[in-house]
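The values are calculated or read from the model by the stated rules, or taken from the named source; none is laboratory data. What you are looking at is a predicted structure, and each value in this text was computed from that prediction instead of being measured. Reconstructed Cβ throughout: ideal geometry from the backbone, glycine too, with neighbour counts over all protein chains shown.
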Amino acid sequence: MNINEGIKGRLRDVTLVDIIQILHLSRKSGAINMGSEQGTGKVVVENGNVVHAWFKELSGEEAFYNLLLWRDGEFVVEMDVKPQERTISQNVEALLLEGMRRMDEAKKGRLDKGRLFDIKDRESLYLIKRLIELGILNKKEI
């Protein structure tokens, strides 16, 4: 697979977290176009940093957190797409940690679970595991 040609697939096989980590570690730019029964959305990455996201009426970080939680759907990554908007200024590590926090809160019933598409425990555990593997999160912090 040549990342410069773009990537497409299913989110049940390759999660949005995985795609963002690939783009972040390789400092690539692109647009991640997503579609599922929930609707369509987009995450734009510039030089490895998430700079924009939209989903339904949401944009910025809230859109990103909703898209991060999708368990299935299709995605297509268009490489070298320049952002037309900048609605996110947080770094990738902060975005993923906040996404994990939201998953944990949803698990505890503090957030509207319907809006977050019924997140299951395994998604939280998967994200925690991936953050530890990448060295973004330390086991001692959990």
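Structure above, values below:
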| read-out | value |
| --- | --- |
| Sole exception among (1) farther than 22 Å from Leu127 by Cβ; (2) in a loop (DSSP other than H, G, I, E, B); (3) not acidic (Asp, Glu) for Arg12, by number | (1) |
| Output for region 13-59, where each listed residue is charged (D, E, K, R) and within 13 Å of the chain's Cα centre (by Cα) | Asp18, Lys42 |
| Single residue of region 1-12 satisfying the filter (of a type in the set (A, V, I, L, M, F, W, C) and at pLDDT below 90) that is nearest to the chain's Cα centre (by Cα) | Ile7 |
